Structures are given as C-alpha cells and as structure tokens.
Amino acid sequence: MEEKSNFKPFGFSALVLALIGWGGMYLIVTISLPYVWSRWGFFALLLMALTGTALPIVYFLHQRFPTEPPADANVILRQAMWAGVYGVTLAWLQLGRVLTLYVILGLAGGLIAAEYFIRLRERANRRPPVIPDDENHDAS
C-alpha cells in the first residue's frame, strides 16, 4: 500500500509564516510611513505571508496529483517559496509602475520553466559508469 506523507511538518511552518507575515503586513500598512525600512519590511513580510499561504495549497496539489518519484518536503517548500517570490516581485514591479500583462505572464513562465528544469534534474537517475582502477596490471 502506498504511504501517505504527513502534513504536520508543513502545518506549523505554514501557520507561523502566515501569521507573522500577514500580521506584520497589517502593522506596517496601518502604523508606519512609507520610508525605506518600512518598504523592505513590507517585502520581507509579504514573502513570508505568501509562502505560508501557498504551503498548504502546494502540499494539497502534490497529494492530489502525485508524481514519480514523489515530491520531497524540500520540493514542496521550494514551490511555495516560488509563489512568494512571484508575489513580491509583482508588488515591487507595481511600485515602479512597470507591471504589464506581458511582464506578469513572462515572469510566471520563467519561474515555471525554472521549476520544471529543477524537477527534471532531480528526476534524472543517470549515474556515470564506474570504471575500476586496475592497479595490479603489469605494463610488461
């Protein structure tokens, strides 16, 4: 029978990331002025909030659509972080007023392609052949 992975390791991390991220975002937006450190804090907390929110969704998608070999915990966390990086990058580009539909789609396509190639490399099972070193061979 197929062994199901457990959500417990992800649940606590997702909850902590989401609570700190969204709570900190609320405090920054409502209390602080838009100075440099507030903006850096905004982007760091947005990354935490989006990663914590995406973590259960990515976990569910990997349970619903399993791959061969099954995704490890580091794969699920990395894909949730891609969602956070994508959201933070879109927010940063919107701040500079350079965000367009083509930029949104191009960035999404680039991140999807990067993750595809990373997963392709992880699935590759090719190992270079081992050639034994014959030290006892006489050259006479």
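Here are the numbers for the structure shown:
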{"item": "Test set (1) under 22 Å from the mean Cα position of the chain (by Cα); (2) surrounded by 10 or more Cβ atoms within 10 Å (Cβ to Cβ); (3) modelled with pLDDT under 95 - Leu120 fails condition number", "result": "(2)"}
{"item": "Asp133, sole failed condition from (1) part of a helix (DSSP H, G or I); (2) farther than 30 Å from Asn6 by Cβ; (3) of a type outside the set (S, T, N, Q)", "result": "(1)"}
{"item": "Residues located in region 14-42, provided they are surrounded by 10 or more Cβ atoms within 10 Å (Cβ to Cβ), free of Cβ contacts under 8 Å to residues at least 12 places away in the same chain and among the aromatic types (Phe, Trp, Tyr)", "result": "Tyr26, Trp40"}
{"item": "Residue in region 58-66 that is modelled with pLDDT under 95, crowded, with 17+ Cβ neighbours inside 10 Å, of a type in the set (A, V, I, L, M, F, W, C) and not in a loop (DSSP other than H, G, I, E, B) present", "result": "no"}
{"item": "Verdict on Thr30 being part of a helix (DSSP H, G or I), farther than 20 Å from Arg121 by Cα, out of contact with any helix residue (DSSP H, G or I) (no Cβ under 9 Å at 6 or more places or on another chain) and not aromatic (Phe, Trp, Tyr)", "result": "yes"}
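The values are calculated or read from the model by the stated rules, or taken from the named source; none is laboratory data. Computed from a predicted model, the values in this text were never measured in an experiment. For neighbour counting, all protein chains shown are included, and Cβ atoms are generated from backbone atoms with ideal geometry for every residue, glycine included.
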